[in-house]
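What follows is one structure encoded as structure tokens, with my remarks underneath.
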Ligand SMILES: O=C(O)CCC(=O)C(=O)O
């Protein structure tokens, strides 16, 4: 199939976990109703984006959040990229993990955020994910019968080699559940999304939470779907919404034939 309709669920994350799960389920339903065969939730959609709170909301697989995601994927017969949640492993370590389910509700993959967001921006965001989280150590590329796609989480998008690596593994769409804030969001969000799409000549989704004025960490929103030419096919503002658009996958080959940057890649000279 060369055309696929995707939905991005830009939900306003609250403190109440059950409320977040209900809201996510409802937004997946809306994506299905709009005709989508793939839907994406934002980073940390079941808990506030606060490092100290991740342990309190963390779940081992399979837990209440992943059960909801699996049930929704099979009920709506849709691939579901379950944003991310705090995942606890058997040793008690916590990861920022995106769980991906196929349209039968089967777990296809989990991506553990590989680059932790530890930053201290003067007059702006100060965040230390490593206070409570452990980093994942691989890229994640997933195949369904219709599509091969890669998954990164938020800060992972700043690392161009990471996106290139997923592209070289065959990803035609890169999906980043994310939660940029109002320091780097206005400056870098759209720039990074469009750059990664243009560098790799792929479709790209950035799925963000809506801005919740009551939250301590205020998300920037502005979820987007970008095409391989860098055009914005769908975009949200900061409010809660489900945005959808059709991806014509044949565009990837067209752009790569016209502007063959992947063929012109000179790995032989990129050594330091
Ligand atoms: O890279 C950024 O500016 C934001 C990253 C972020 O918010 C995150 O990784 O959760």
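Every number here is computed from the coordinates shown, using simple stated rules; none is lab data. On a predicted model such as this, the values are computed, not experimentally measured, just so you know. Because the Cβ atoms are built from the backbone with ideal geometry, glycine has one as well, and the counts that use them run over all protein chains shown.
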- prompt: Contour minus end-to-end for residue 60 and residue 34, with contour as 0.36 nm per residue of separation and end-to-end as the Cα-Cα distance?
  reply: 6.2 nm
task: Hey, could you get me the Stokes-Einstein D for the stretch 62-111, Kirkwood radius over alpha-carbon pairs, 25 °C and 0.890 mPa s, rounded to whole µm² s⁻¹?
output: 227
statement: In nm², the average projected area of the convex hull spanned by the Cα atoms of the stretch 129-170 is 3.5
query: Based on the alpha-carbon gyration tensor of the stretch 82-194 and its eigenvalue square roots a ≥ b ≥ c, which shape applies: rounded if a/c is under 1.5, prolate if not and a/b is larger than b/c, or oblate?
result: oblate
message: I want to check the label-to-label distance for residue 14 and residue 91. Put each point 7 Å from Cα in the C-beta direction and report it in nm to one decimal.
response: 3.7
message: Over all directions, the average projected area of the alpha-carbon convex hull for the stretch 164-221 comes to how many nm²?
response: 4.0
message: Quick check: residue separation of residue 135 and residue 270 times 0.36 nm, minus the Cα distance between them. What number comes out in nm?
response: 46.0 nm
query: Within the stretch 3-269, what percent of beta bridges assigned by DSSP are antiparallel, to the nearest 5?
result: 70
- prompt: Can you put 268, 89 in order, fewest other beta carbons within 10 Å first?
  reply: 268, 89
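Within 10 Å of each residue's Cβ, count the other Cβ atoms and sort 154, 9 from fewest upward.
154, 9
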query: How do 263, 172 rank when sorted from fewest to most other Cβ atoms within 10 Å of their own Cβ?
result: 263, 172
- prompt: Is it possible to state the helix-based mean residue ellipticity at 222 nm for the chain, with each DSSP H run of 4+ residues giving -39500 (n - 2.57), the sum divided by total residues, to the nearest 500 deg cm²/dmol? What is it?
  reply: -7000 deg cm²/dmol
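Calculate the all-directions average of the projected area of the stretch 3-269's alpha-carbon convex hull, and give it in nm².
On the way: hull surface 54.8 nm².
In nm², the orientation-averaged hull projection of the stretch 3-269 is 13.7.
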For the stretch 1-136, fraction of C-alpha pairs farther apart than 19 Å, in %: 49
